[in-house]
Each structure stands twice: as structure tokens, then as C-alpha cells.
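The values are calculated or read from the model by the stated rules, or taken from the named source; none is laboratory data. Fair warning: this is a prediction, and the values are worked out from it, not measured in the lab. As a convention, Cβ positions derive from the backbone with ideal geometry for all residues, glycine included, and neighbour counts pool all protein chains shown.
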Amino acid sequence: DGGITQSPKYLFRKEGQNVTLSCEQNLNHDAMYWYRQDPGQGLRLIYYSQIVNDFQKGDIAEGYSVSREKKESFPLTVTSAQKNPTAFYLCASRRRRGHTGDEQFFGPGTRLTVL
Amino acid sequence: DAKTTQPTSMDCAEGRAANLPCNHSTISGNEYVYWYRQIHSQGPQYIIHGLKNNETNEMASLIITEDRKSSTLILPHATLRDTAVYYCIVGTDTGTASKLTFGTGTRLQVTL
């Protein structure tokens, strides 16, 4: 089945450690996104990538880094510089609909808890 | 991106139509109206989008006012599985990676 996978579903880390969240898609989509969601809040954009080897900062990029070496993969690293990393992290990819708007497909999310 | 205003929460009886309003008074001419929903602890799911005309698909209908300053998402026969947070978003299709700004949405509770 085509879709987006994120692993693991739950992740625990000690404060001060870097951690990398996985995101893989087999939908052949060019654009991919990382969002962060805090309890009771909407999604906030961390980073996005339009094509391989290219990515741009979103609204809350500080303390995060990404890479896009393959079309299928867009891993997110939460660094020790991120002051409040505990959150629900969502990865998405975008399907273009020509000139009629587009649609983002979301993965199941990774819930990161920093102890 | 234009901002949207939605009610914080709504209730709907199962089997009845759920009408979720959204105001987007500063929408630009080339911005689409998108609706997504998020069931608890899952990733958001695309529902529908439109530019000027009303739209319908297997999930819902989208009614956009003539001045495009507001819209309504209609779930014609709500079920318990439709309980979720519904996000109304406006965004452009610029030919590059579009960015969607998710607000806090409307929490729809469908009850027996």
C-alpha cells in the first residue's frame, strides 16, 4: 500500500541527546514536510523540502535539522538546542493536483518525550 | 497566508448533518480553502478543497460564499467516527511546495 511511515510511534530520550525521527514515503511525491503539534494546539511547520537535496526552514526551525538525500526519505533531527522538544511530530508529503490546488498526506506521527 | 476563524467546538447528533463554519475574510484571489480533520492522536486527513465553486466528494461538501470570505463544510450524515478536530486552512498553489498554516480548528463531537 502507498503511504507515509513514521517510526517509532513513541520515543523517549534523555535531555541533551540528539534524536532522529524517520519519515519514509512511497507515493513518489516531490514535496515533504515536518510539523510539530503541542497538546490542544494546531500544527506548526518546522521544515519542508520541495525536491531532493533542497529544503527550507518553516516557522519554528530553531533546534531542528533535516536532510533530503532521497526522494522517499526526509528525516528530522531534534538537537539538544531545541529547548522544549517534547511534542507530537508529523511528517507529510504533497500531491499536486495540477492547477487545482493540492493535498497533503500525513504519516501517523511520532510522540517524542524528553525526560 | 490568510488567517481563518473557526468555532472552538461543536456538537452534532449522529445521523444529522454537521455544518462547520469558517471565516476567511482576508483571503486572496488565488488562495484555496482547504479542510482537513484530525482524529485523536493521528495525522490529519485531507477532506476537500475549493477555490470559488462549491465542491462535493465522497466525504463532504464545501460551500463557499460568493465573496469568498467564508465557507461551510458539510458532513451530510455524521457518524461517531466523524468525531475529530476539523481545520479550515487557506493557501496558495504557487507551483512550489505550498505551506499550510493550521490553526486550532473546531472540535466536532458526534453523539448518539
| request: Identify all residues within region A:23-54 that are of a type outside the set (S, T, N, Q), exposed (fewer than 15 other Cβ atoms within 10 Å of the Cβ), within 23 Å of B:G103 (Cα to Cα) and within 10 Å of chain B (Cβ to nearest Cβ); write none if there are none. | output: A:G40
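Being within 16 Å of A:D30 (Cβ to Cβ), facing chain B (nearest Cβ under 8 Å) and in contact with a Phe, Trp or Tyr (Cβ under 9 Å, 6 or more places away or on another chain) is the requirement here; does A:F105 meet it?
yes
Can you work out which of the residues in region A:91-110 that are basic (K, R) and surrounded by fewer than 16 Cβ atoms within 10 Å (Cβ to Cβ) is nearest to B:Y46 (Cα to Cα)?
First, the residues of region A:91-110 that are basic (K, R): A:94-97.
Okay, now just the ones that are also surrounded by fewer than 16 Cβ atoms within 10 Å (Cβ to Cβ), so A:95, A:97.
On the way: A:R95: 11, A:R97: 13 Å.
Looking at residues that are basic (K, R) and surrounded by fewer than 16 Cβ atoms within 10 Å (Cβ to Cβ), I get A:R95.
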| remark: Looking across region B:60-96 at residues that are buried (at least 18 other Cβ atoms within 10 Å of the Cβ) and acidic (D, E), the single one that is modelled with the highest pLDDT is B:D82
| message | It is to be established whether one or more residues within region B:85-103 are more than 24 Å from A:G58 (Cα to Cα) and more than 8 Å from chain A (Cβ to nearest Cβ). | response | no
| field | Failed condition for A:R36, given (1) in contact with a Gly (Cβ under 7 Å, 6 or more places away or on another chain); (2) without any contact (Cβ under 8 Å) to a residue 60 or more places away in the chain; (3) of a type outside the set (G, A, S) | value | (1)
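Condition check ((1) crowded, with 20+ Cβ neighbours inside 10 Å; (2) in contact with a Lys or Arg (Cβ under 7 Å, 6 or more places away or on another chain); (3) touching a residue at least 12 places away in the same chain (Cβ under 8 Å)) across all residues:
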position	(1), (2), (3)
B:T4	yes, no, yes
B:I39	no, no, yes
B:E58	no, no, no
B:F102	yes, no, yes
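Can B:V33 be described as surrounded by 15 or more Cβ atoms within 10 Å (Cβ to Cβ) and at pLDDT 95 or above? Spell out the reasoning first.
Working: surrounded by 15 or more Cβ atoms within 10 Å (Cβ to Cβ): yes; at pLDDT 95 or above: no.
No: the conditions fail for B:V33.
Which of the residues belonging to region A:86-103 are within 19 Å of A:Q41 (Cα to Cα) and either modelled with pLDDT under 90 or assigned to a loop (DSSP other than H, G, I, E, B) (or both)?
So in region A:86-103, the residues within 19 Å of A:Q41 (Cα to Cα) come out as A:86-92.
Once the filter is applied, which keeps residues that are within 19 Å of A:Q41 (Cα to Cα) and either modelled with pLDDT under 90 or assigned to a loop (DSSP other than H, G, I, E, B) (or both), region A:86-103 yields only A:T86.
Looking at B:K99, B:K52 in this structure, which one is among the basic types (K, R), modelled with pLDDT under 95 and under 22 Å from A:R44 (Cα atoms)? Walk me through how you get there before you give the answer.
Working: B:K52 fails: under 22 Å from A:R44 (Cα atoms).
Matching residue, one of B:K99, B:K52: B:K99.
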| query | Going through region B:28-74 one residue at a time, which ones are out of contact with any Phe, Trp or Tyr (no Cβ under 9 Å at 6 or more places or on another chain) and basic (K, R)? | reply | B:K52, B:R68, B:K69
| message | Is it the case, given these coordinates, that B:V110 is at pLDDT 95 or above, part of a strand (DSSP E or B) and within 11 Å of chain A (Cβ to nearest Cβ)? | response | no
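Counting just the residues of region A:55-90 that are among the basic types (K, R) and away from chain B (no Cβ under 14 Å), which one comes out surrounded by the fewest Cβ atoms within 10 Å (Cβ to Cβ)? Break it down into steps so the answer makes sense when it comes.
Keep residues of region A:55-90 that are among the basic types (K, R), which gives A:57, A:68, A:70-71, A:83.
Still in the running and away from chain B (no Cβ under 14 Å): A:70, A:83.
Values: A:K70: 11, A:K83: 7.
That would be A:K83.
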